[in-house]
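A short write-up of the structure that comes next.
Quick note: the coordinates plus some simple rules give every number you see, no bench work behind them. The model shown is predicted, which means the values in this text are computed figures rather than measured ones. Positions of Cβ are backbone-derived with ideal geometry, glycine not excepted, and every protein chain shown enters the neighbour counts.
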Amino acid sequence: MSNSHRTGDRRILWLLLSFLFAFGLWEAAGRWPISVAFSPFSQTFLAMVRMVANGSLLKAYASTVQPLIIGFIICGIVGGGFGIWMGLSRTTEWFSLPFFIILQAAPMAAVIPLVTYIYGIGLTSKVLAVAVLAAPVIVMNSYKGIRNTPPSLIQMCRAFLGTRTQVVVKIILPHAAAMIFTGLRLGLAMGFIGVVIAELLITPTGIGDLISYHSSVADFPEMFAAVASIVLIAAVTIHGLERLERRLFPPEVRGS
Amino acid sequence: MSADAIVELKGIGKTYETGVEALREVNHSFPAGKLSTLLGPSGCGKTTLLKIIGGLIPATTGEVLVEGKRVEGPGAERAFVFQDFALLPWATVLRNIAFGLELRGVPKEERFEIARKLIGEVGLVGFESSYPHQLSGGMRQRVGLARALAVDANIILMDEPFSSVDEQTRRKFQEELLDLLRHRQKTVIFVTHSIEEAAYLSDRIVLLSARPGTVSQIIQPNVDRSSESPDEIRRDKNYLDAVDQIWQVLKKYL
């Protein structure tokens with residue numbers, strides 16, 4: 001017990017050291033300076049404190065999370081549902097799998113200008129930008145989760161008189177749940193990319209506005225603070241989901 | 001003979017889509033209340049035959065009659081024990097054992113009570129809320145066996161149930177299986193590739209030929225399992241004769 005306690009302490013020590021090292025490098029590089037536009041860690045940090053204090057960061061996120069959450073929820077329900085359907089139905093698989101394989105490999109950010117062209121510069125376009133990036137991985141993971149069900153479990157369920165519905169509800173879906181969750185987590189990570197691209201490319205709002213505004217007036221510490229904040233939020237959210245996933249579906253029980 | 005036949009195979013043939021002919025013209029009647037083994041060289045289609053009897057895969061030709069009725073799919077009078085156990089990794093031992101009853105809509109209280117009784121019989125007391133990954137191979141197959149016993153089918157189909165279990169556990173397991181079956185009126189059809197296992201367990205051994213598999217010979221080891229101890233059986237002259245007899249047939253196909 002005390003032993004594991006000590007290794008835990010040591011891990012935290014290393015973690016702090018690595019942060020210290022990275023921030024130290026950043027500070028040194030900023031003071032060198034590499035470029036006048038590259039502000040050191042200390043100034044960025046102070047800028048972030050200022051932006052939190054004056055409320056501009058909070059206001060920016062209040063608008064950034066809207067397309068992110070709406071797009072992600074739509075993707076989760078429609079994309080996850082479609083992936084499950086694709087895994088269950090050979091016909092659906094036949095006509096849509098090639099499409100999603102291409103979508104998954106394609107740099108979807110390239111279609112965002114097209115989205116703007118069709119849907120204008122409002123919230124709809126930004127929601128679509130999130131959806132377009134997040135959907136492929138959500139659909140494909142749900143599909144693979146369904147398709148990876150061990151045939152022997154399905155055969156077992158049939159042997160004990162399970163109906164098709166019972167096979168789906170009691171075997172296939174529980175088995176796929178872990179992989180569907182992974183898909184949602186990866187989809188949210190893509191959604192963060194989508195929303196930032198949308199806010200930089202379509203019309204500057206929220207965090208995209210903070211980044212482009214501060215860079216245009218050469219407030220580089222503020223600009224870096226805005227960039228750092230979105231990196232921080234995305235990283236913490238995704239990491240949190242990963243931990244939740246490991247708790248909900250421990251590797252021994254997830255079966256896939 | 002056919003008066004007490006519970007499972008009848010009539011001209012069973014199976015050819016896979018790939019063109020491989022696994023079984024040809026298999027005719028046999030399995031007597032009720034006995035343990036029959038399907039034994040043959042590897043690839044002779046014995047597992048395929050068992051799955052056809054179980055209604056899990058269709059035969060290409062011929063028909064299977066169970067209690068006089070033609071098999072169209074799985075049925076309540078047959079229960080299956082799988083080679084790879086086929087346990088739900090996300091379910092506890094208790095739920096896995098009760099799973100067949102769960103599919104039949106038996107209320108939770110009732111099916112868990114049946115499962116708990118079987119847990120005692122197969123020696124898994126204390127593991128009710130464990131998950132399959134926490135159990136050894138032998139214990140997992142006990143769960144598989146208990147699940148098959150829980151639905152109280154007349155016929156138990158066992159597909160190489162002990163093949164993924166180590167030799168020592170396997171012997172122990174064979175003895176316990178005979179114990180479990182002694183006070184139950186079950187018909188067991190058992191697939192194995194082990195000659196000793198077949199001779200030790202079976203009332204009747206159906207030897208299949210090499211692919212395409214067909215019934216080559218039937219051997220009835222005249223071993224008195226009711227009075228002899230497991231170790232006595234393994235020294236019994238009839239047991240040893242049966243082992244030798246099986247080997248004489250099987251080596252032709254190697």
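With 26 Å as the limit on Cα-Cα distance, the pairs of A:Lys170/B:Lys186; B:Lys10/B:Lys186; B:Lys46/B:Lys108 that go past it are A:Lys170/B:Lys186; B:Lys46/B:Lys108.
A cut-off under 14 angstrom between Cβ atoms defines the neighbours of B:Leu180, and their net charge, with Lys, Arg +1 and Asp, Glu -1, is +3. For chain A, the Cβ-based charge dipole about the Cα centre amounts to some 960 debye (Lys, Arg positive; Asp, Glu negative; other atoms uncharged). The alpha-carbon of B:Lys237 sits under 26 angstrom from the alpha-carbons of these lysines, leaving out residues fewer than 8 places away in its chain: B:Lys34, B:Lys172, B:Lys251, B:Lys252.
Remark: relative contact order (chain A) = 25 percent; criterion is Cα-Cα distance under 8 angstrom and separation of 6 or more residues.
Could you tell me how far the Cα centroid of region A:1-67 sits from the Cα centroid of region A:190-239, in Å? Centre-to-centre (Cα) distance: 15 Å. Axis angle, to the nearest 10 degrees, between helix A:56-74 and the longest C-alpha principal axis of chain A: 20 degrees.
Comparing B:Ala150, B:Ala76, B:Ala242 in a Gaussian network model of chain B where C-alpha atoms under 10 Å apart are linked, the largest mean-square fluctuation is found at B:Ala76.
When you restrict to C-alpha pairs under 8 Å that are six or more residues apart and normalise by the size of chain B, the relative contact order lands at 25 percent.
Here the contact order of region A:90-222, divided by its residue count and restricted to Cα pairs under 8 Å and six or more residues apart, works out to 30 percent. Straight-line cross-link partners of A:Lys126 among the aspartates and glutamates, defined as a Cα under 15 Å from its Cα and at least 8 positions apart when in the same chain: A:Glu199, A:Asp209. Taking label positions 7 Å along the Cα-Cβ direction at both B:His183 and A:Tyr119, the computed distance is 6.9 nm, reported to one decimal. Sparsely packed loop sites in region B:1-66 (the GluC sites (Glu not before Pro) outside DSSP H, G, I, E and B with at most 11 other Cβ atoms within 10 Å) comprise B:Glu17.
Spatial offset of region B:226-254 relative to region B:58-119 amounts to 32 Å, using the alpha carbon center of each.
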